[in-house]
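Notes for the one structure printed next.
The values are calculated or read from the model by the stated rules, or taken from the named source; none is laboratory data. Quantities reported herein were computed from a predicted structural model and do not represent experimental measurements. So basically every Cβ, Gly included, is an ideal-geometry build from the backbone, and we count neighbours across all protein chains shown.
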Amino acid sequence: MSTMPASHGHNEACCNIPPVISTGYTAKGSYDEVNGMKTYVTGPADATKGIVMIYDIFGYFDQTVQGADILATSSDQKYKVFIPDWFKGDPCPIEWYPPNTPEKQEKLGAFFGRNPPTGVAQQLPDVVKALQAKNPSIKSWGIIGFCWGGKVVSLVTSSDSNPFCIGAECHPAMVEPKEAETIKVPLIMLASKEEPDDKVKQFEANLKGAKHVETFKDQIHGWMAARSDLSNDRVKEEYIRGYKTVLEFFAKNWSS
């Protein structure tokens, strides 16, 4: 394990990422039921900070679950991480990507129609209340979202009912700079080469609080979640760097 060097003004004594497993990952956490949803739970029982992870449309992939375990085990801070199953066992099949046929496009359109990011964003305040009731040691909450889940992060942290004190978006879908104008908490956005550069830059300009916006210029949309090919050394390196960057931002900017 190696300690992340200070970068972008971040705190050096932050995180030690365990060896990342390329294939056949064994999850460190377990599953519980929260607010009627199956929920992956990982991290120390005495953690005082909780992170809600919003997976991408492919659901509980090994790369995403391993990311949750990294967040829960790699920092000087103690985080307990929760991944609710918003799709209730019916995620998008990864075989629909890339959506390069009319049939795939039609199926994806129907999936997004059933699972709009706005619906999840509206549920999150109640989900956090349910999580809080089951985890009374947690005093404050953060959120991280991937792809589709990144849009959820923008929506909830810019709303009047936002229960989170910090947020992270990794290769976010549907970047809308106007939402950044009303985001009320420190926010980190890690973009891929596939997000529109002009929108990412305007989003960054519109953020008013503590922020870190960075584009991983040789990585695809999804490199920190289900579409990450961890057998590729460069992807694995940037997957690790992405999680380290999030952990450093949280260590420096999580204020309560």
Item to check | Of all residues making up the range 92-107, the number that are surrounded by fewer than 16 Cβ atoms within 10 Å (Cβ to Cβ), of a type outside the set (Ser, Thr, Tyr) and part of a loop (DSSP other than H, G, I, E, B) | outcome: 4
Item to check | Count of residues meeting criterion [in contact with an Asp or Glu (Cβ under 8 Å, 6 or more places away or on another chain) and of a type outside the set (A, V, I, L, M)] in the range 179-207 | outcome: 4
Checklist entry - Just one of ALA110, ALA130 is at negative phi, part of a helix (DSSP H, G or I) and either surrounded by fewer than 16 Cβ atoms within 10 Å (Cβ to Cβ) or at pLDDT below 95 (or both); which is it? => result ALA110
Checklist outcome for this item: Given (1) assigned to a helix (DSSP H, G or I); (2) surrounded by fewer than 11 Cβ atoms within 10 Å (Cβ to Cβ), LEU71 misses just (2)
Item to check | Filtered residue count, the range 23-52, keeping only those that are closer than 12 Å to THR73 by Cα and not in a loop (DSSP other than H, G, I, E, B) | outcome: 1
Item to check | Number of positions in the range 152-179 that are surrounded by fewer than 24 Cβ atoms within 10 Å (Cβ to Cβ) and either free of Cβ contacts under 8 Å to residues at least 40 places away in the same chain or closer than 18 Å to PHE112 by Cβ (or both) | outcome: 14
Next on the checklist: One residue is enough: does the range 30-45 have a residue meeting the conditions closer than 21 Å to HIS221 by Cα and among the small types (Gly, Ala, Ser)?
Outcome noted: no
Checklist entry - Going through the range 133-149 one residue at a time, which ones are outside any strand (DSSP E or B) and either under 20 Å from GLU33 (Cα atoms) or small (Gly, Ala, Ser) (or both)? => result ALA133, LYS134, ASN135, PRO136, SER137, ILE138, GLY149
Next on the checklist: Would you confirm, using the coordinates I've provided, whether LEU187 is within 17 Å of ALA68 (Cα to Cα) and either at pLDDT 95 or above or hydrophobic (A, V, I, L, M, F, W, C) (or both)?
Outcome noted: no
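Here's the yes/no breakdown for (1) part of a loop (DSSP other than H, G, I, E, B); (2) at pLDDT below 95; (3) among the charged types (D, E, K, R):
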position: LYS151; (1), (2), (3): no, no, yes
position: ASN162; (1), (2), (3): yes, no, no
position: MET174; (1), (2), (3): yes, no, no
position: ASP198; (1), (2), (3): no, no, yes
position: PHE203; (1), (2), (3): no, no, no
position: THR215; (1), (2), (3): no, no, no
Checklist entry - Which residue out of GLY119, GLY89 is out of contact with any strand residue (DSSP E or B) (no Cβ under 6 Å at 6 or more places or on another chain), loosely packed, with under 14 Cβ neighbours inside 10 Å and part of a loop (DSSP other than H, G, I, E, B)? => result GLY89
Item to check | Among residues of the range 133-149, those that are surrounded by fewer than 16 Cβ atoms within 10 Å (Cβ to Cβ) and either touching an Asp or Glu at 6+ places or on another chain (Cβ under 8 Å) or within 16 Å of PHE164 (Cβ to Cβ) (or both), counted | outcome: 4
